[in-house]
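Just below is one structure, and these are the notes that go with it.
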Amino acid sequence: MARRDKNISVIINKTAAFIILLIMTLFLVMTAAGGAEGENPEISFSAVMDGSLFRALEERFTLSFVQRNLWLSSKAKIESQICEKVVNGVYIGDDMLLGAEVLSSPSYTSNADAVNRFSAKNDSAVYFVAVPTSSGVYSEILPEYLTGKTEKQCIDSVYSKLNSGIRRIDAYNILKRLNENYIYFRSDSKWTSYGAYCVYRTVIQKLGFQPSAYDKYTIEHVTDNFRGNLWKKSQYMKSKPDILDIYNYNDGAELLSCTGTDNSHKVRRKELYNRDAVDTDDMYSLYLGEDMPLVQINTSVNNERKLLVIKDDFADCFIPFLIQHYSVIDIFSPECAEGKITDFVNIGDYEQILFLFGTDSLGSENIFSPLAD
């Protein structure tokens, strides 16, 4: 009986704490929105229980960046108190945040077809790497209702539709085997530099080189306060920040130049690592800096090998590992290009072309439209 009374007391205390938190949150949010047009939503127990109050507040209090962040943070705190694990499409796990969007895009097939057409028109050897997000590798953490079509199934679907001449490289199983390591961020859907290095070892062998040994690198922890895209969506304050690393290769090839070409075809100097980014809201742009349609890297490697990388942001922390193997690395980002890839590069200049995309980008409609004539 004493144990039962104790359990009841704990439940009452938690309920009281939740009600107090709710009242404080509503007061803060409504105060922040003071002066806004329209009436405040009706506050009632039934509105809290059926979720209509939260929906009304979320719609109303998006008037400014500050108010939106206040609301998202408070909403995440309230929902976690009542065992609601999904906040704005983000699943709140014990140790990490995971994207909670159910995959159902028909664009995987059309995007594979676009790559096939591009490959058929060019003589270069084409390699394709589809990288799962953290939700794909740690899918067992997600509840069953969020794991309809898995990322592994989406990757297999894309790979099965690629022409036989395109070399498919398996990143999923590499990352799945290593998932007890720090290969994905806790607050972002992308892999860490270490996760990228683990896949690099296989990719570079497929491209015809021996991978650089891990112990040849000096690892610099640039910041331990990175909060990524999943944190920005959920504003879940209890999530632990992440580390951004730079891998410096000892006594290896040197970076001679790094330039970027914008959509007006103006060329300007870039940095392989934009250290100023760690003082901004976009810390991940530490890798390659501002996204541009074309980035061109020249190294001291004396083999006259040129590689074209067609990529999304998963490749940004992957690119530095390629510097030890190629004289020239050109990087094309179709997501930010206005115009065709042929407006920026001559495809015939490259013996090899590497596609590297996360599964979230591969589900985006017309992601490869700049590859068309």
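No lab work stands behind these numbers, since they all come straight from the coordinates. Bear in mind that the values here come from a model prediction, so they are computed numbers and not experimental data. Reconstructed Cβ throughout: ideal geometry from the backbone, glycine too, with neighbour counts over all protein chains shown.
Under conditions of 37 °C and 0.692 mPa s, region 95-231 yields 197 µm² s⁻¹ as its translational diffusion coefficient, taking Rh as the Kirkwood radius over Cα pairs in the Stokes-Einstein equation. Rounded to the nearest whole Hz, the Karplus-based 3J(HN,Hα) values (6.51 cos²θ - 1.76 cosθ + 1.60, θ = phi - 60°) of region 238-246 follow the sequence 7, 5, 7, x, 10, 9, 9, 10, 10, with x at glycine and proline. For Lys270, the residues whose amide H sits under 5 Å from its own are Cys258, Thr259, Gly260, ignoring neighbours fewer than 5 places away on the same chain, with H placed 1.01 Å from N.
Compute the orientation-averaged projected area for region 307-373 from the convex hull of its Cα atoms and round it to one decimal in nm². Let's see the in-between values first.
On the way: hull surface 18.8 nm².
Taking the Cα atoms of region 307-373, their convex hull projects to 4.7 nm² on average.
Between amide H atoms placed 1.01 Å from N, distances below 5 Å from Val131 occur with Phe357, Gly358, Thr359, all of them 5 or more places distant or on a separate chain.
Amide H to amide H distances under 5 Å link Ile310 with Phe332, Leu354, Phe355, Leu356, where only residues 5 or more positions off or on other chains count and H is placed in the peptide plane. Shape summary: region 107-371 maps onto an equivalent ellipsoid whose semi-axes, from the alpha-carbon gyration tensor, are 26, 24, 19 Å in decreasing order. Each residue, Thr202 and Asp123, gets one label point 7 Å from its Cα in the Cβ direction; the gap between the two is 3.1 nm.
Computed from backbone phi with θ = phi - 60° and the Karplus coefficients 6.51, -1.76 and 1.60, the 3J(HN,Hα) list for region 318-324 is 8, 3, x, 5, 7, 4, 6 Hz; x is used for glycine and proline. Placing a label point 7 Å from the Cα of Ser107 along the Cα-to-Cβ line, the residues of region 281-315 whose backbone N sits under 19 Å from it are 291-293, 310-315.
Using θ = phi - 60° in the Karplus curve 6.51 cos²θ - 1.76 cosθ + 1.60, the 3J(HN,Hα) couplings for region 357-366 round to 9, x, 5, 5, 5, 5, x, 7, 5, 6 Hz; x is entered for Gly and Pro.
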